[in-house]
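Presented below is the structure to which this report refers.
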Amino acid sequence: MKNSKNSQPHQASHKSKYKNTVPPQRKKPDSRISNRNTAEEVAPGDVIVVTIKRLGINGEGVGYYRRKAVFIEGALPDEVIKAEIIRAETKYISAKIKDIEKRSPHRIDAPCPVFGICGGCQIQHLSYEGQLASKTDIVREAFSRYAGMQEVRMKPMLGMEHPWGYRNKAQLQLGMQEEGMIAGLYAADSHRLIDITGCPIQHPKINEAVDRTRNVLQHLNIPVYREKSNLGLVRTIVVRWGFQSGQLQVTLVTASDKLPQREQLVKELRLAMPELTSIAMNVNPKNTSLVFGHKTFILWGEDSIRESLGDLEFTLSPRAFFQLNPLQTVKLYEAVRNAAGLTGREKVVDAYCGTGTIGLWLAPYAREVRGIESIPEAVRDAKENAAHNGRANATFYEGLAEELLPRWAKAGYSPDVIVADPPRTGLDPRFLEAVLRTKPKRFVYVSCNPSTLAKDCKVLTDGGYKIDWVQPVDMFPQTSHVECTVLLKWKGASD
C-alpha cells in the first residue's frame with residue numbers, strides 16, 4: 001500500500017516475494033511429496049504444485065491439492081505455483097510461493113516499494129483489469145458458497161478510470177528509527193512499524209502533508225509516544241483532504257494535553273502547508289489500540305473542513321466519519337438510488353445510517369426518510385448534515401433498527417423501501433426478522449463483505465424476497481475489498 005524512505009531494501013523484498021521466483025528458507029527436495037498419497041498426509045516443508053483457481057476474500061490465491069483448499073499469498077488466478085507448505089490443517093493448507101511455473105498475464109510489478117510488507121494493499125501486483133474480474137468472481141463465489149445461488153444477476157463492476165490516489169484520509173502511527181522519526185503502518189500480524197512515504201493510493205496532497213508534518217515535529221524535537229514505556233507525546237498523524245473543497249486538516253493525536261512549543265509548531269506547520277484550513281490536537285492518554293481519545297482541541301483555524309458529495313455538503317470535524325473514496329462513493333450512492341426506485345411518494349428507512357449520507361442522498365426523491373443509528377455522535381452529525389443541506393424530509397433517530405422498526409409498525413408506519421449499510425459482520429438476526437415482518441417492497445443492501453452479504457440474502461430470499469440484481473463497486477482499488485449494492489424485491493409486490 002505504501003512507500004518507504006528506504007526504498008531499495010523494500011523493493012528487493014517485494015520482488016522476491018511476488019515475481020517469478022521466491023527462494024525458500026530451507027531447501028526441500030521436490031520429490032518428497034511423491035510419497036504422500038492424500039492431502040491429509042502432507043506436512044509443513046513439503047512442496048506441492050497447485051493451479052490457482054481464484055482469489056480469496058483476503059486477496060490470496062486459492063487452489064486445490066487433492067480436493068483440499070490451498071491458500072497461497074501473492075499467487076494469482078490461472079498461475080501454476082510450486083509452493084512450500086506452511087500449515088496443514090484439517091480443512092485447508094497454507095503455503096508460500098517457491099516458484100511460479102506458469103505466470104499470469106495479469107501479473108505486474110507493484111509500484112509501491114513496501115507492497116507485501118505494510119499490509120494495506122493485497123493485489124497491487126495484479127493488473128487493474130484483473131482486479132475487477134477477480135473481485136467480481138469473489139462476489140459470485142460468495143453467493144454460490146454461502147447462499148447456494150449459482151445464477152445471480154451481476155451487473156458489471158463499477159471501477160475507477162484512475163485507480164490510484166483516491167483516498168482522502170491518512171492515519172499513520174509515529175515511531176523512531178536510527179535515521180529519525182517515521183510515520184507508517186504496522187506490518188501484518190506484528191508490532192513492527194513500516195515507514196511510509198508517497199503512498200500511491202493516497203491523494204498526493206495527503207502524502208505531502210504527512211511528510212511535512214513529520215518534518216516539523218522532528219525539527220522542533222517534539223517527542224514521539226513510546227507504547228512500551230508509556231512515555232513521549234505524539235502518537236499519530238491524521239490528515240484529511242477535501243477533494244472538492246481543496247481544504248486540508250491536520251490532527252495530531254497526543255498522549256497528553258501538554259503540547260510544548262505550541263505557537264512555534266502552528267507557525268511552522270502553516271509555513272510548510274499554506275493550504276491548511278485546520279490544525280487540531282486530539283488527546284488519547286490510554287495505552288490502547290484505539291487511535292482517538294474523547295477530547296479534541298483546535299490549535300489553529302476552523303473547527304472542521306468542508307467536503308461535497310454531489311450537491312450535498314458536509315462539515316468534517318477531526319473525528320467525523322466520511323467515506324474514504326469520494327469519487328466511488330458517488331457511484332455507490334447512485335446505485336442505491338437506482339435500486340430504491342423512488343418516485344417521490346415513498347417512505348424510506350435508512351438503517352445503520354451513520355452520519356446520514358445515504359438517507360440524505362435519497363431524500364430529494366422520497367416522500368420521507370427516517371434514519372436509524374445506534375451511535376449518538378453519528379445521529380447528531382446526521383441531523384446537522386440534514387439541516388445544513390436543507391433536507392427537511394429527513395429525520396434521524398438514535399436506537400436499534402430491530403427495535404424501532406416493529407415499534408413504528410405498531411404505530412402504523414410501514415416503509416416502502418429499507419436501505420441497510422451494516423458493518424462487515426452483516427445484519428443483526430433480529431433486524432432480518434424485523435424486515436421480514438415489515439415486508440417493504442424493496443430492500444436495498446449495501447455491503448463491504450460478500451460473505452456476510454450472501455448469508456443475509458439467503459435469509460431474506462428464504463423469507464419471501466427475490467434478488468433482482470447485484471452491483472459490485474470497486475471502492476478500494478489495489479486491495480481485496482469490494483463493495484456491493486443488492487436490490488431485493490418482495491415477491492408479492494408490484495413495481
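Values for this structure:
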read-out: Search result, residues across the range 118-137 that are surrounded by fewer than 21 Cβ atoms within 10 Å (Cβ to Cβ), in contact with a strand residue (DSSP E or B) (Cβ under 8 Å, 6 or more places away or on another chain) and among the hydrophobic types (A, V, I, L, M, F, W, C); value: none
read-out: Residue tally, condition free of Cβ contacts under 8 Å to residues at least 12 places away in the same chain and either among the aliphatic types (A, V, I, L, M) or part of a loop (DSSP other than H, G, I, E, B) (or both), over the range 376-401; value: 3
read-out: Test: residue in the range 290-306 that is free of Cβ contacts under 8 Å to residues at least 12 places away in the same chain, surrounded by fewer than 23 Cβ atoms within 10 Å (Cβ to Cβ) and of a type in the set (Lys, Arg); value: no
read-out: Number of the exception - residue 288 against (1) modelled with pLDDT of 95 or more; (2) among the β-branched types (Val, Ile, Thr); (3) out of contact with any strand residue (DSSP E or B) (no Cβ under 8 Å at 6 or more places or on another chain); value: (1)
read-out: Spans of strands (runs of 3 or more DSSP E) in the range 162-257 with at least 1 residues buried (at least 19 other Cβ atoms within 10 Å of the Cβ) and without any contact (Cβ under 8 Å) to a residue 12 or more places away in the chain; value: none
read-out: Considering residues of the range 340-361 that are in contact with a Phe, Trp or Tyr (Cβ under 8 Å, 6 or more places away or on another chain) and part of a helix (DSSP H, G or I) only, the residue surrounded by the most Cβ atoms within 10 Å (Cβ to Cβ); value: 359
read-out: Strands (runs of 3 or more DSSP E) contained entirely in the range 41-137, each with at least 2 residues that are in contact (Cβ under 8 Å) with a residue 40 or more places away in the chain; value: 47-55, 80-88, 92-102
read-out: Tally of residues being small (Gly, Ala, Ser), surrounded by 22 or more Cβ atoms within 10 Å (Cβ to Cβ) and under 15 Å from residue 58 (Cα atoms) across the range 75-95; value: 2
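The values are calculated or read from the model by the stated rules, or taken from the named source; none is laboratory data. A quick note: this is a predicted structure, and the numbers were derived from the prediction, not measured. Heads up, the Cβs are rebuilt from the backbone with ideal geometry, glycines too, and the neighbour counts pull from every protein chain shown.
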